[in-house]
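Enquirer: Pasting a structure below so you can have a look.
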Amino acid sequence: MRKRLIAGNWKMNMHWNEAMTLISELVQKESEGNWRNADVTIIPPSIYLRSAFEFLKNSGSKIELGAQNVAATENGAFTGEVSASMVHQIGTSLVLVGHSERREYFAENDEALVNKIRCVLDQNLTPLFCCGEHLDHRNSGNHESTILHQLESVVFEFTADEVSNMIIAYEPIWAIGTGETASPQQAQEMHAFIRTSIQKKFGNEVSNKLRILYGGSMNPENAAELLAQPDVDGGLIGGASIDANKFQAIIEA
Ligand code: 13P
């Protein structure tokens, strides 16, 4: 069985004190609550990763760490970039690749995403590959072909072995930060479509093992129903992940 993963993408939010307070609140809730059914990963801004790692390690927490982004090359003269090996060395286990905000605001194309995943895999880190369609693609009935194209141009560049070390997030762009979520039926339909596409290309073993997370305005009110869908293996949470009570409610949903 696939274990549920609840991942909190903090995006570019919170100052230092707020970030450290949130981590300590989460550790407290982890010790009091029932988090057995889910793996939990937090994905703070990179500059907080090392302190987060030390705090989590010293408190015996099982919460894991992810990075929101890494460079598409391993090292060199790339001012401002952070490499996969750097985030690996400071205790990160997962890296987001292909988030719609990175694609849109930082012009990340498929070639860059392939290179990033290559760097992430080379460090034995888990790539969490994000895909999702714009509202006009959904309204025109092209949501499945959009997602298939995103899978084909990035994930299909890798081997079955490599893909078995990946996680995929389905994040419809129209649902991100809008308060509007995909219905549980829409989410299930798309997750099943993604799993079938992976199955056709890489076989049953890879597709059965693959965790596919839903992202887009997931909150304590809608989480249980979304997470109850057979192909929804967890959530990639934005806004609700920077509120300890809400994030805990989703973990325990
Ligand atoms: P929201 O939960 O704020 O809609 O963000 C989702 C997301 O983009 C997670 O990566």
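The values are calculated or read from the model by the stated rules, or taken from the named source; none is laboratory data. No experiment lies behind these values; they were computed from the predicted model shown. Cβ coordinates were reconstructed from backbone atoms using ideal geometry, including for glycine residues, and neighbour counts include every protein chain displayed. Heavy atoms of the whole protein, side chains included, go into the accessibility calculation; ligands, DNA and RNA do not. Shrake-Rupley method; radii C 1.70, N 1.55, O 1.52, S 1.80 Å.
Enquirer: Could you go through the stretch 230-244 and let me know if any residue there is more than 11 Å from the ligand (Cβ to nearest atom), part of a helix (DSSP H, G or I) and not aromatic (Phe, Trp, Tyr).
Expert: yes
Enquirer: Given the criteria closer than 15 Å to Gly203 by Cβ, touching a residue at least 24 places away in the same chain (Cβ under 8 Å) and open to solvent by less than 40 Å² (accessible area, probe 1.4 Å), does Ser153 qualify?
Expert: In short, no.
Enquirer: Out of all the residues in the stretch 13-24, is one or more farther than 17 Å from Glu171 by Cβ and in contact with a strand residue (DSSP E or B) (Cβ under 9 Å, 6 or more places away or on another chain)?
Expert: yes
Enquirer: Would you be able to tell me the number of residues in the stretch 73-91 that are of a type outside the set (A, V, I, L, M), open to solvent by 70 Å² or more (accessible area, probe 1.4 Å) and not in a loop (DSSP other than H, G, I, E, B)?
Expert: 2
Enquirer: How many residues are open to solvent by 20 Å² or more (accessible area, probe 1.4 Å), more than 16 Å from the ligand (Cβ to nearest atom) and either in contact with a strand residue (DSSP E or B) (Cβ under 7 Å, 6 or more places away or on another chain) or not in a helix (DSSP H, G or I) (or both) if we restrict to the stretch 92-117?
Expert: Residues in the stretch 92-117 being open to solvent by 20 Å² or more (accessible area, probe 1.4 Å), more than 16 Å from the ligand (Cβ to nearest atom) and either in contact with a strand residue (DSSP E or B) (Cβ under 7 Å, 6 or more places away or on another chain) or not in a helix (DSSP H, G or I) (or both): 3 in total.
Enquirer: Would it be correct to say that Asn124 is outside any helix (DSSP H, G or I), open to solvent by 50 Å² or more (accessible area, probe 1.4 Å), away from the ligand (no atom under 16 Å from the Cβ) and over 21 Å from Tyr48 (Cβ atoms)?
Expert: It is true that Asn124 is outside any helix (DSSP H, G or I), open to solvent by 50 Å² or more (accessible area, probe 1.4 Å), away from the ligand (no atom under 16 Å from the Cβ) and over 21 Å from Tyr48 (Cβ atoms).
Enquirer: If you don't mind, another one. Can you spot a residue in the stretch 157-173 that is part of a helix (DSSP H, G or I), out of contact with any helix residue (DSSP H, G or I) (no Cβ under 8 Å at 6 or more places or on another chain), open to solvent by less than 30 Å² (accessible area, probe 1.4 Å) and within 16 Å of the ligand (Cβ to nearest atom)?
Expert: No, the stretch 157-173 contains no residue that is part of a helix (DSSP H, G or I), out of contact with any helix residue (DSSP H, G or I) (no Cβ under 8 Å at 6 or more places or on another chain), open to solvent by less than 30 Å² (accessible area, probe 1.4 Å) and within 16 Å of the ligand (Cβ to nearest atom).
Enquirer: All but one of (1) closer than 18 Å to Gly216 by Cβ; (2) within 16 Å of the ligand (Cβ to nearest atom); (3) in contact (Cβ under 8 Å) with a residue 12 or more places away in the chain; (4) surrounded by 15 or more Cβ atoms within 10 Å (Cβ to Cβ) hold for Leu135, so report the exception by its number.
Expert: Condition not satisfied by Leu135: (4).
Enquirer: Among the residues of the stretch 41-52, is any in a strand (DSSP E or B) and either open to solvent by 40 Å² or more (accessible area, probe 1.4 Å) or aromatic (Phe, Trp, Tyr) (or both)?
Expert: No: the stretch 41-52 contains no residue that is in a strand (DSSP E or B) and either open to solvent by 40 Å² or more (accessible area, probe 1.4 Å) or aromatic (Phe, Trp, Tyr) (or both).
Enquirer: Quickly run through the stretch 189-226 and pick out the residues that are within 12 Å of the ligand (Cβ to nearest atom), outside any helix (DSSP H, G or I) and of a type in the set (A, V, I, L, M).
Expert: If the condition is that a residue be within 12 Å of the ligand (Cβ to nearest atom), outside any helix (DSSP H, G or I) and of a type in the set (A, V, I, L, M), then Leu213, Met218 are the ones that fit.
Enquirer: Another question about this same structure. Could you please let me know if Leu5 is assigned to a strand (DSSP E or B) and out of contact with any strand residue (DSSP E or B) (no Cβ under 6 Å at 6 or more places or on another chain)?
Expert: In short, no.
Enquirer: So is Thr178 within 16 Å of the ligand (Cβ to nearest atom) and exposed (fewer than 15 other Cβ atoms within 10 Å of the Cβ) or not?
Expert: Yes; evaluated as a whole, the condition is true for this residue.
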